[in-house]
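The values are calculated or read from the model by the stated rules, or taken from the named source; none is laboratory data. Small disclaimer: the values here were computed from a predicted structure and weren't measured. Because the Cβ atoms are built from the backbone with ideal geometry, glycine has one as well, and the counts that use them run over all protein chains shown. Side chains are part of the model used for accessible areas, which takes the heavy atoms of the whole protein and leaves out ligands, DNA and RNA. Shrake-Rupley method; radii C 1.70, N 1.55, O 1.52, S 1.80 Å.
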Amino acid sequence: NFGKYKKAFSTNLYVDTKKFFSTQCIDKRQFDIGYIGRFHEEKGILNILKSIKSIITHYPDIKIFIAGEGDLLYEITKQIEHDNIQNNVYLHQWISHTDLPKFLNQVKIILNPSIKEGLPNIILEAMACKTIVLATSVGAIPSIIKDGETGFIMEDNSPECIAQNVIRALNSPNLEMIAENGRRLVERTYSFEKTVETWRRVFHHVLTL
């Protein structure tokens with residue numbers, strides 16, 4: 001019966017903290033917000049785009065980085081054209097894992113407005129790069145994203161809610177502290193070394209049953 005080890009087995013995700021680290025402080029980054037991932041409905045990517053017109057009323061010069069691939073690519077390009085936000089949005093193709101740290105270091109806040117999720121690696125990798133995460137409270141995300149401490153949580157993924165929380169996050173005076181807290185959490189819990197130690201303890205307990 002492995003039930004008692006469920007929590008330990010759930011921590012098999014890890015981040016290479018020697019590869020994913022901060023090379024650029026928050027206030028020097030090119031893009032204010034970003035999304036990196038699959039272009040699918042459950043990820044909330046279209047709602048991000050629909051939120052931008054509201055955000056622009058507060059931040060006219062906001063720069064948004066969108067990268068990925070998927071079946072919504074056509075809808076994404078049409079939404080950008082429809083809302084005339086081409087000057088605010090930079091649309092990029094899928095990013096290889098090798099290049100991911102470079103792009104994460106160009107974004108202040110990464111958005112994850114999914115309607116369902118486990119614990120996506122992109123969140124942990126962003127935190128390792130001191131890129132602040134703004135995400136919906138789904139799956140295992142609330143276990144690592146504490147609002148105003150290690151990132152920001154939004155109540156749902158509606159365009160209105162996304163816009164409200166992007167503005168709230170960008171107005172926060174504690175972005176550098178939140179970014180640092182996120183990096184420390186990843187180092188403490190999700191680094192390769194910590195994950196190996198977790199599995200070592202699990203196997204030790206199993207073998208001594």
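Assess whether K63 counts as being within 17 Å of the chain's Cα centre (by Cα), in contact (Cβ under 8 Å) with a residue 12 or more places away in the chain and open to solvent by 40 Å² or more (accessible area, probe 1.4 Å). It would help to see each step written out before you state the result.
Numbers: within 17 Å of the chain's Cα centre (by Cα): yes; in contact (Cβ under 8 Å) with a residue 12 or more places away in the chain: yes; open to solvent by 40 Å² or more (accessible area, probe 1.4 Å): yes.
Considered against the rule, which asks whether it is within 17 Å of the chain's Cα centre (by Cα), in contact (Cβ under 8 Å) with a residue 12 or more places away in the chain and open to solvent by 40 Å² or more (accessible area, probe 1.4 Å), K63 comes out as yes.
Counting only residues that are touching a helix residue (DSSP H, G or I) at 6+ places or on another chain (Cβ under 6 Å), closer than 24 Å to P173 by Cα and assigned to a loop (DSSP other than H, G, I, E, B), how many does the stretch 97-122 have?
1
Any residue at all in the stretch 147-167 that's under 12 Å from T136 (Cβ atoms), surrounded by 19 or more Cβ atoms within 10 Å (Cβ to Cβ) and among the aliphatic types (A, V, I, L, M)?
yes
When both residues are 6+ apart or on different chains and their Cβ atoms are under 9 Å apart, which pairs have a first residue that lies in the stretch 97-113 and is basic (K, R), and a second that is open to solvent by 10 Å² or more (accessible area, probe 1.4 Å) and part of a strand (DSSP E or B)?
K108/F31; K108/D32
Being open to solvent by 30 Å² or more (accessible area, probe 1.4 Å) and at pLDDT below 95: is that true of N87 here? I'd like the intermediate steps shown before the answer.
Working: open to solvent by 30 Å² or more (accessible area, probe 1.4 Å): yes; at pLDDT below 95: no.
No: the conditions fail for N87.
Which of the numbered conditions does E42 fail, given that it passes all the others? Conditions: (1) assigned to a loop (DSSP other than H, G, I, E, B); (2) in contact (Cβ under 8 Å) with a residue 60 or more places away in the chain.
Every listed condition holds for E42 apart from (1).
Looking only at the stretch 1-28, which residues are open to solvent by less than 40 Å² (accessible area, probe 1.4 Å), in a loop (DSSP other than H, G, I, E, B) and at pLDDT below 50?
T11
Identify all residues within the stretch 94-134 that are open to solvent by 20 Å² or more (accessible area, probe 1.4 Å), under 9 Å from the mean Cα position of the chain (by Cα) and more than 25 Å from A163 (Cβ to Cβ); write none if there are none.
The answer is N121, and nothing else.
Being out of contact with any strand residue (DSSP E or B) (no Cβ under 7 Å at 6 or more places or on another chain), small (G, A, S) and either modelled with pLDDT under 95 or not in a loop (DSSP other than H, G, I, E, B) (or both): is that true of A126 here? Spell out the reasoning first.
Details: out of contact with any strand residue (DSSP E or B) (no Cβ under 7 Å at 6 or more places or on another chain): no; small (G, A, S): yes; either modelled with pLDDT under 95 or not in a loop (DSSP other than H, G, I, E, B) (or both): yes.
Answer is no for this residue.
Of all residues in the stretch 55-88, which are in a loop (DSSP other than H, G, I, E, B) and more than 26 Å from S22 (Cβ to Cβ)? Walk me through it before giving the result.
Residues of the stretch 55-88 that are in a loop (DSSP other than H, G, I, E, B), as a first pass: 57-63, 70-72, 83-88.
Across the stretch 55-88, the qualifying residues are T57, H58, P60, G70, D71, L72, D83, N84, I85, Q86, N87.
Give just the number: which of (1) closer than 18 Å to S22 by Cβ; (2) in a strand (DSSP E or B) does L91 not satisfy?
Exception for L91: condition (1).
Restricting attention to the stretch 168-186, which residues are open to solvent by 50 Å² or more (accessible area, probe 1.4 Å) and hydrophobic (A, V, I, L, M, F, W, C)?
Matches in the stretch 168-186: M177 only.
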